[in-house]
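The values are calculated or read from the model by the stated rules, or taken from the named source; none is laboratory data. It should be emphasised that the depicted structure is a prediction, and the values quoted were computed from it without experimental measurement. Ideal geometry is used to build each Cβ from the backbone, glycine not excepted, and the neighbour counts take in all protein chains shown.
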Amino acid sequence: MIKRHGLLLILSSPSGAGKSTLTKMLMEWDKTMSFSVSVTTRARRSGEVDGREYRFCSRSDFEAMVAAGEMLEHAEIFGNFYGTPKFSVQATMKEGRDSVFDIDWQGGQQIRNSSLGCDVVSIFVLPPSIAELERRLRTRGQDSDEMINTRLAKSFEEISHWAEYDYVLVNEKLNDTFEQLKAILTAERLRCDRRVGLADFVSTLNTEFISR
């Protein structure tokens, strides 16, 4: 098997468009992938486990990590801080494994502009309509009417950043969108500049020609 660099797969979307569901499906499809667990100051929701969905911390601890330069990206969203620690992402890349990021456009922008930006593949997920987006937000039953309206209002700004991404998927039918996502990942993994062992492999083939 030809060795390659691990890539950083960023999935962004307005709340309710499906990025978290697609991320979970991707992790089930390829268990070698690493989910980048963000650190957050928001309260833990029912059923969430510290270190699985998020690492939960106080605002003062979060600010200390930012000041120490330990965050690859960070942003304030709906009054809470979210961020990605550097060390775990870099360790995964060295192992030749991919990291998946379920983050907003601000975090995606910071990672693309970081020292790891050349290894980023970014995908923005759009809803088929705003009416469908609202239906999904209400169906999942996680937020109050006030918060749903806040999320819908913010979605206008979030969607305006679609052109900053490498790929855009319209999530009308979840399974179809997932197939498109897998196709993108498969193609990006086969890029020559990610396959660090490709030159050695070709050199071995050339040696076999010479020895014939």
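Results, tabulated for the structure shown:
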{"quantity": "Residue match in segment 148-158 (condition: out of contact with any Leu (no Cβ under 8 Å at 6 or more places or on another chain), among the aliphatic types (A, V, I, L, M) and loosely packed, with under 13 Cβ neighbours inside 10 Å)", "calculated": "yes"}
{"quantity": "Conditions (1) within 25 Å of F81 (Cβ to Cβ); (2) among the polar types (S, T, N, Q); (3) under 19 Å from the mean Cα position of the chain (by Cα); number of the one not met by N171", "calculated": "(1)"}
{"quantity": "Qualifying residue in segment 116-123 (condition: in contact with a helix residue (DSSP H, G or I) (Cβ under 6 Å, 6 or more places away or on another chain) and more than 30 Å from V196 (Cα to Cα))", "calculated": "no"}
{"quantity": "Condition broken by A183, with the remaining ones in (1) closer than 21 Å to L26 by Cβ; (2) of a type outside the set (S, T, N, Q); (3) surrounded by 12 or more Cβ atoms within 10 Å (Cβ to Cβ) satisfied", "calculated": "(3)"}
{"quantity": "Test: G107 is in a helix (DSSP H, G or I), touching a residue at least 24 places away in the same chain (Cβ under 8 Å) and within 24 Å of V168 (Cα to Cα)", "calculated": "yes"}
{"quantity": "Restricting segment 4-34 to residues that are closer than 20 Å to L72 by Cα and touching a Phe, Trp or Tyr at 6+ places or on another chain (Cβ under 6 Å), the residue that is surrounded by the most Cβ atoms within 10 Å (Cβ to Cβ)", "calculated": "I10"}
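Listed here are the residues, each with its yes/no results for (1) at pLDDT 90 or above; (2) of a type in the set (G, A, S).
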site: Q90; (1), (2): no, no
site: M93; (1), (2): no, no
site: G96; (1), (2): no, yes
site: I111; (1), (2): yes, no
site: S115; (1), (2): no, yes
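Let's see how each residue does on (1) under 23 Å from D143 (Cα atoms); (2) of a type in the set (V, I, T); (3) at pLDDT below 90:
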{"position": "K3", "(1), (2), (3)": "no, no, yes"}
{"position": "S13", "(1), (2), (3)": "yes, no, no"}
{"position": "D50", "(1), (2), (3)": "yes, no, yes"}
{"position": "Y54", "(1), (2), (3)": "yes, no, yes"}
{"position": "D61", "(1), (2), (3)": "no, no, no"}
{"position": "V66", "(1), (2), (3)": "no, yes, no"}
{"position": "G83", "(1), (2), (3)": "yes, no, yes"}
{"position": "K86", "(1), (2), (3)": "no, no, yes"}
